[in-house]
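The values are calculated or read from the model by the stated rules, or taken from the named source; none is laboratory data. Since this is a predicted model, take the numbers as computed values, not measurements. All Cβ positions, glycine included, derive from the backbone under ideal geometry; neighbour counts span all protein chains shown. Only protein heavy atoms, including side chains, enter the accessible area calculation; ligands, DNA and RNA are left aside. Shrake-Rupley method; radii C 1.70, N 1.55, O 1.52, S 1.80 Å.
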Amino acid sequence: MTQIAMLRDFEDPDFNPFMEEKLFFGDHDDPYPLLGKLRSKHAAMEGNYREVMGLVPDLTHPVAARHFMILSYEEVAKALLSPQTFSNKAYTFNLGASFGRSVSTMDAPEHNRFRRIFQKVFLPQYVRNWGGPIVDPVVNDLMDGFIHDGRADLIQQFTLHYPFGVIYRQLNLPPEEGKVFHKLAVAQTMISFDRERGEEASAKLGEYFPQLIAARRKDPGDDLVSVLAATEIDGEYLPEDVLVSFFRQLINAAGDTTYRGTSILLTKLLQNPDQLEALRQDRSLLPNAIEEALRFDGPVIDQNRWTAQDVTVAGVDIPAGSIVHVMAGAANRDPGKFEDPDRFDIRRNNAARHVSFSIGPHICIGQHLARVEMMRAITAILDKLRNLRLDQDMPPPRIQGAMMRVPHNLYVRFDPT
C-alpha cells in the first residue's frame with residue numbers, strides 16, 4: 001500500500017477524551033423513572049432533555065431555538081417516519097460541525113442519493129461475511145489477553161476495544177495508529193461542549209482521510225476505503241467531502257454504539273444468571289437477547305430533529321425551527337407498546353420493535369454490522385469463558401449516562417483455561 005503521513009495526535013498527547021464523557025452524557029444511574037413519569041403525563045411537551053436531566057447545554061444549538069420532547073412510542077414513531085416535518089437538520093449544528101457533510105445531517109433528496117451507496121456495503125448479506133475474517137480475529141486477540149487469568153474487566157479489556165478493532169481492519173489502517181485514531185474519532189463529538197478539542201480532532205482526521213483516499217485509489221485493496229474510494233455516481237467519484245465525513249463518523253456510528261450495546265447486554269445477562277444460563281443452553285435465543293438489550297437500555301436515548309414546518313404533536317404546537325428531542329429511551333419503555341417494560345427479558349416477543357437504531361429513512365446504516373459484532377462477541381464469551389459470573393470481590397457494574405448509556409467496568413470471574 002502507498003505510504004501516507006502518519007495521523008497526528010492531540011497537541012496534548014496525554015489528553016484522554018474518554019474521561020470527558022460524563023460531562024456531556026451524564027453519570028445518571030437510571031434516567032428511566034423520570035422519563036416514565038414525564039411520558040405518563042405528556043406524549044409530547046415543551047422542554048430541553050439536557051436541561052431536564054441537569055446536563056451541560058449543547059453549545060452548538062441555536063440560542064433562540066425552542067426545545068420540545070416527544071416521549072410516547074406512538075408519537076416517537078410518527079416523528080421518525082415523517083422526515084419532511086422532522087428534519088435531520090438538527091445534527092448540522094453538532095455532528096455537521098464535527099464530521100462535515102454527513103449523511104446524518106442530510107434530508108431527501110440528497111440523503112437518499114448518498115445513503116443508497118453507503119448502505120450497500122452494510123447490507124446483511126455482506127456484513128455476515130465479515131464475521132470470520134474480520135470480527136473473530138479481533139475478538140480472539142483481545143480474549144487471549146485475559147482468558148488464562150480467571151478474572152477480567154470485560155469493559156476495559158474487551159468491549160471498549162473490539163468494535164473499534166473491527167473498524168481498523170475494515171479500513172486497513174496501520175495498527176500503530178489505532179490508539180490515536182480512536183481518541184480523535186471519539187473527541188470529535190466533544191464539539192458540543194469543548195469546541196477547541198472537538199475542532200482539533202475533526203481537523204486532524206480531515207487532513208488524514210483525503211490522503212488515505214488518494215492512496216487507496218492509486219493502490220487499491222479489498223478494504224472499505226478502497227471500495228468506497230472507487231465508487232462512482234454518474235461517472236464521477238463520490239464527493240470527497242461526503243466520503244471524508246463518512247469515514248470520520250464511521251467509528252462512532254459503527255464502533256461506539258456496538259461497544260455500548262454489547263456492554264449493556266453482558267451486564268444484564270450477568271445480573272440475571274438464569275437468563276445467562278438459558279442463553280448458554282439455547283443459542284437460538286441470542287438474536288432476540290440482542291434486541292432486548294437494545295430496547296431495555298439502548299445506547300442512545302435522545303435522537304434530535306429540527307422542525308421544518310409548524311406541527312402539532314399530541315396537542316402540543318411545535319413551531320418551525322425548533323429542536324425536537326425524540327426520546328427513543330422513553331419510547332422503548334412505553335407500557336403501551338411493551339408489557340412490563342422495565343423488566344429485562346431475552347424471550348420478549350416484540351423486543352425487535354425498539355427504536356434504538358431509529359426507524360424510517362434515517363435508520364442506522366451500520367445496524368446489521370452492529371448485530372453481527374454483538375453476536376460474534378457474545379458467542380465467543382459463552383464458548384470460552386466457562387462458569388462466567390460477576391466478581392463478588394469487586395464493585396458491581398453500573399450502567400450510567402443520561403444520553404449515551406454504558407457501564408464503565410464489568411468485573412467478572414470464570415474458570416481459567
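Would you mind working out the accessible area per residue for the stretch 200-265, using a 1.4 Å probe, and quoting it in Å²? Before the final figure, lay out each step's value.
Values: 2200 Å² over 66 residues.
It amounts to 33 Å² per residue over the stretch 200-265.
So how much accessible area does LEU142 have, in Å² to the nearest 10, using a 1.4 Å probe?
40 Å²
For each pair in LYS183/LYS337; LYS268/LYS337; LYS179/LYS268; LYS78/LYS268, compute the distance between the two Cα atoms and list the pairs where it is over 27 Å. Provide the component values of the computation, followed by the final result.
Values: LYS183/LYS337 39 Å; LYS268/LYS337 21 Å; LYS179/LYS268 29 Å; LYS78/LYS268 30 Å.
From LYS183/LYS337; LYS268/LYS337; LYS179/LYS268; LYS78/LYS268, over 27 Å: LYS183/LYS337; LYS179/LYS268; LYS78/LYS268.
If the only charges are +1 at each Lys and Arg Cβ and -1 at each Asp and Glu Cβ, what is the size of the charge dipole of the stretch 7-69 around the Cα centre, to the nearest 20 debye?
So the dipole magnitude of the stretch 7-69 works out to roughly 660 debye.
From the residues LEU171, LEU142, ALA152, which one has its Cα farthest along the dipole of the stretch 132-189 in the positive direction, the dipole being from +1 and -1 charges on Cβ of Lys/Arg and Asp/Glu about the Cα centre?
LEU171
Magnitude of the Cβ-charge dipole of the stretch 205-319, K/R +1 and D/E -1, about the Cα centre, nearest 20 debye? It would help to have the intermediate numbers written out before the result.
On the way: 10 positive and 19 negative charges, 73 e Å.
It works out to roughly 360 debye.
Run the quick spin-label model on ASP144 and ASN350: label points 7 Å from Cα toward the beta carbon, then report their separation in nm to one decimal.
Result: 4.7 nm between the two label points.
Whole angstrom only: what separates the Cα centroid of the stretch 1-53 from the Cα centroid of the stretch 167-197?
16 Å
Given 10 °C and 1.306 mPa s, how large is the Stokes-Einstein diffusion coefficient of the chain in µm²/s, with Rh as the Kirkwood radius over Cα pairs? Intermediate values should be presented prior to the final figure.
Details: Rh = 22.1 Å.
Using the Kirkwood radius from Cα pairs, D works out to 72 µm²/s.
Note down the magnitude of the dipole of the stretch 72-172 about its Cα centre, charges +1 on Lys and Arg C-beta and -1 on Asp and Glu C-beta and zero elsewhere, to the nearest 20 debye. Working shown, then result.
Working: 10 positive and 9 negative charges, 117 e Å.
The dipole magnitude comes to about 560 debye.
For the stretch 203-244, treating each Cα as an identical point scatterer without solvent, what Debye log10 I(q)/I(0) comes out at q = 0.14, 0.17, 0.21 1/Å?
Rounded to two decimals, the profile gives -0.28, -0.42, -0.63.
For the chain, build the charge dipole from Cβ charges (+1 Lys, Arg; -1 Asp, Glu) around the Cα centre, then report which of GLY321, LEU95, ALA5 sits farthest towards its positive end.
GLY321
Using modelled amide H (1.01 Å from N, peptide plane; none on Pro or chain starts), what sits under 5 Å from the amide H of ARG389, excluding residues fewer than 5 places away?
Close amide H contacts, sequence-distant or interchain: ARG413.
Calculated from DSSP H runs of 4 or more alone, at -39500 (n - 2.57) each and per residue, what is the 222 nm mean residue ellipticity of the chain, nearest 500? Write out the running numbers ahead of the final one.
Details: 18 runs with 175 residues, N = 417.
The helix-only estimate for the chain comes to -12000 deg cm²/dmol at 222 nm.
As a test of reading the structure, rank GLU292, GLU110, GLU200 by solvent-accessible area (1.4 Å probe, protein chains only), most first.
Numbers: GLU292 0, GLU110 70, GLU200 35 Å².
Correct descending sequence by accessible area is GLU110, GLU200, GLU292.
State the answer as a single residue: which of ASN288, PRO109, MET403 lies farthest towards the positive end of the charge dipole of the chain, with beta carbon charges of +1 for Lys and Arg and -1 for Asp and Glu, about the Cα centre.
Ranked along the dipole, the leading option is ASN288.
Determine the order of MET53, MET394 by accessible area, beginning with the largest, at a probe radius of 1.4 Å.
On the way: MET53 20, MET394 65 Å².
Greatest to least solvent exposure: MET394, MET53.
How many percent of the accessible area of the chain is carbon or sulfur, using a 1.4 Å probe?
Values: 8690 of 17250 Å².
Answer for the chain is 50 percent, counting heavy atoms of protein chains only.
Give the average over all directions of the projected area of the C-alpha convex hull of the stretch 266-372, one decimal, in nm². It would help to have the intermediate numbers written out before the result.
On the way: hull surface 31.4 nm².
Reported value for the Cα convex hull: 7.8 nm².
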